[in-house]
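For reference, the structure discussed in these notes is given below.
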Amino acid sequence: MKGVRFLAAFVLLALASSFASASDPSPLQDFCVAIDDYKSGVFVNGKFCKDPKLATPDDFFYSGLNIPRNTSNPVGSTVTPVNVAQIAGLNTLGISLVRIDYAPYGQNPPHTHPRATEILVVQEGTLYVGFVTSNTDNKLFTKVLNKGDVFVFPVGLIHFQFNIGKTNAVAFADPAINPDVLARAFQLDQKVVKSLQAKFWWDNN
């Protein structure tokens, strides 16, 4: 009888432990404003944290996403990022933003975000967008978006945007991953990826 009770208690404890480990950990602080001075901060997530008592509203502010960018490059688009490099207060928060300017018939070439879902909002113009599933079907999902439309690219899936209009287009989304990630995503040597990018792609960041 004691053995049965012990076994039941052990099973309940194991289940409780598995439930507890399934949740995401909460941050240890409200925010971690990034600084470069290691002497006056605490190291978290690749950056040093400013003393929260010294944080200011400017640590959470960026101005300039209203300014159109030059799209005179081989792919006809330019990505303007807003991440921890522009807003120090974004450090450890797990979110960022980009403005993407597209020339007529410009594109944001196929790419992937291994650890992030992207949500795209069209501010101006008409975009043809899509993503490819990773299952055995490799199904292509596409949609034509107009001003005010929103589209979601699921985490880790190859996706793209193409301006099918005769005028410039503008959209807001989260930023592209460093091109070196493509080598791992497509299981190619980095030299091969960089060679292909030199021939067909342009670093529009």
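General remarks:
- Percent carbon-and-sulfur accessible area, region 80-133, ignoring ligands, DNA and RNA, probe 1.4 Å: 59 percent
- Interchain or long-range residues, amide H under 5 Å from VAL84's placed H: none
- Neighbourhood net charge (11 Å Cβ-Cβ; Lys/Arg +1, Asp/Glu -1) for SER96: -2
- Among PRO68, ASN108, LEU120 the positive-end extreme of the charge dipole of region 62-181 (Cβ point charges): PRO68
- Cα-based equivalent ellipsoid of region 76-128: semi-axis lengths in Å, sorted from largest, via gyration tensor: 23, 13, 10
- Accessible area of TYR105 in the full protein assembly, 1.4 Å probe (Å², nearest 10): 120 Å²
- Listed residues LYS191, LYS147, LYS50, LYS139 arranged by accessible area, highest first, probe 1.4 Å: LYS191, LYS147, LYS139, LYS50
- Directionally averaged shadow of region 31-173, computed from the convex hull of its alpha-carbon atoms, nm²: 10.0 nm²
- Ranking ASP149, ASP137, ASP174 from most to least accessible surface, computed with a 1.4 Å probe over the protein chains only, gives ASP137, ASP149, ASP174.
- Under Karplus coefficients 6.51, -1.76 and 1.60, residue-wise ³J(HN,Hα) of region 112-127 in Hz, glycine/proline x: 9, 10, x, 10, 8, 7, 10, 10, 10, 10, 8, 8, 9, x, 10, 10
The values are calculated or read from the model by the stated rules, or taken from the named source; none is laboratory data. Just so it is clear, the model here is predicted, and its values are computed rather than measured. Cβ sites come from the backbone with ideal geometry, for glycine too, and all protein chains shown count toward neighbours. Side chains included, ligands, DNA and RNA excluded: accessible areas come from the protein's heavy atoms. Shrake-Rupley method; radii C 1.70, N 1.55, O 1.52, S 1.80 Å.
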